[in-house]
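The values are calculated or read from the model by the stated rules, or taken from the named source; none is laboratory data. Because the structure is predicted, anything quoted here is derived from the model rather than measured. Every residue, glycine among them, receives a Cβ derived from its backbone with ideal geometry; neighbour counts consider all protein chains shown.
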Amino acid sequence: MSRRKIVAGNWKMNLDLTEAAEWLAEVDAGLQSDNCDVLVFPSFILIGDLMDMYEGEQILFGAQNCSNKESGAFTGEVSAAQLASVGVEYVIIGHSERRDHFGETNQMLKEKIQRALKNELTPIFCCGEPFEMRNENKQQEFVKQQLEESLLGFSAAAMAEIIIAYEPVWAIGTGLNATPEQAQEMHAFMRSQIAAKYSEDLAQQIRILYGGSCKPDNAKELFSCADVDGGLIGGSSLMAKDFLAIINKIG
Ligand code: PGA
């Protein structure tokens with residue numbers, strides 16, 4: 001089965017409106033072929049304006065987070081329904097920075113996925129082990145628990161709508177990427193967990209991205225692994241030329 005690859009840029013809390021508009025124009029002008037899905041995740045405040053100004057078709061927009069609550073007195077939060085109402089199609093859920101800095105638990109992430117799906121947003125569910133777990137060779141145990149507690153309780157139909165990103169915490173923003181062997185091993189493991197819970201067919205359909213210091217000079221070897229379906233790119237997504245260089249590594 002061939003899965004269409006994705007290159008997704010997670011800007012985190014970077015770029016103002018002017019910089020973001022320049023990025024959008026440059027990336028759109030530089031896209032050479034329709035070789036993959038190109039996604040960008042700006043800060044909430046910028047998404048509506050960027051979507052309004054974008055005249056192309058290839059770049060798709062997502063949010064970096066959504067609330068686990070439906071609506072109500074949650075000052076500062078943004079709901080999945082609000083995102084959907086402005087035309088957002090994707091939402092990152094469970095990024096390690098949300099888990100670490102904002103106390104997001106596996107249970108909360110499950111609720112966020114529920115909200116996203118209910119509002120027809122495609123969740124990109126992030127998981128991955130911290131350095132200590134990798135050091136003790138417990139990375140599979142750790143990721144298995146994240147999958148079980150947030151994801152594997154959903155129906156097969158819901159699961160089919162979800163994209164996963166394997167993001168080892170020790171690789172995020174550190175310049176130290178997982179080797180292609182480490183990424184492939186974990187992606188295959190995650191696929192095997194999905195196959196065991198649902199079916200081999202479903203496991204083969206799900207797209208699993210790699211994230212963590214993915215850049216132009218390592219993207220090609222990471223993306224050529226059998227179970228790696230593209231990347232979630234942080235630092236290297238901020239400069240249009242680097243992001244385009246990564247997109248061009250998709251075979
Ligand atoms: P990085 O971040 O590419 O800067 O390591 C990836 C991410 O956090 O999604």
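Among residues belonging to region 39-56 that are over 18 Å from the mean Cα position of the chain (by Cα) and not charged (D, E, K, R), point out the one that is nearest to LEU17 (Cα to Cα). Give the derivation first.
First, pick out the residues of region 39-56 that are over 18 Å from the mean Cα position of the chain (by Cα): 45-46, 48-56.
In the following step, the residues that additionally are not charged (D, E, K, R) were identified as 45-46, 48, 50-51, 53-54, 56.
Numbers: ILE45: 9, LEU46: 6, GLY48: 11, LEU50: 8, MET51: 12, MET53: 11, TYR54: 13, GLY56: 18 Å.
Ranking the qualifying residues of region 39-56, first place goes to LEU46.
Annotation for region 166-184: at least one member residue is under 25 Å from LEU83 (Cα atoms) and either aromatic (Phe, Trp, Tyr) or in contact with a Phe, Trp or Tyr (Cβ under 7 Å, 6 or more places away or on another chain) (or both).
How many residues, within region 210-250, are more than 16 Å from the ligand (Cβ to nearest atom) and either free of Cβ contacts under 8 Å to residues at least 40 places away in the same chain or of a type in the set (Ser, Thr, Tyr) (or both)? Spell out how you get there, then give the answer.
Residues of region 210-250 that are more than 16 Å from the ligand (Cβ to nearest atom), as a first pass: 224-227, 248, 250.
Pick out the ones that are also either free of Cβ contacts under 8 Å to residues at least 40 places away in the same chain or of a type in the set (Ser, Thr, Tyr) (or both) and you get 224.
Number of matching residues: 1.
Restricting attention to region 56-81, the residues being more than 14 Å from LEU121 (Cβ to Cβ), modelled with pLDDT of 95 or more and charged (D, E, K, R) number 2.
Are there any helices (runs of 4 or more DSSP H) wholly within region 149-209 with 1 or more residues that are within 16 Å of the ligand (Cβ to nearest atom) and either more than 21 Å from SER96 (Cα to Cα) or touching a residue at least 24 places away in the same chain (Cβ under 8 Å) (or both), and if so which? Explain how you work it out, then say what you get.
Values: elements: 156-159, 180-197, 200-205.
Filter on region 149-209 gives 180-197.
Answer yes or no: is there a residue in region 78-98 that is under 17 Å from LEU209 (Cβ atoms), among the charged types (D, E, K, R) and buried (at least 19 other Cβ atoms within 10 Å of the Cβ). Yes: one or more hits.
Taken over region 63-81, the criterion of being away from the ligand (no atom under 16 Å from the Cβ) and in contact (Cβ under 8 Å) with a residue 12 or more places away in the chain is satisfied by CYS66, SER67, ASN68, LYS69, GLU70, VAL78, SER79, ALA80, ALA81. In summary, GLY56 fulfils each of the numbered conditions (1) in contact (Cβ under 8 Å) with a residue 40 or more places away in the chain; (2) away from the ligand (no atom under 16 Å from the Cβ); (3) loosely packed, with under 15 Cβ neighbours inside 10 Å with the single exception of condition (1).
The criterion of at least 1 residues that are touching a strand residue (DSSP E or B) at 6+ places or on another chain (Cβ under 6 Å) is met, among helices (runs of 4 or more DSSP H) falling completely within region 77-125, by 80-85, 106-118.
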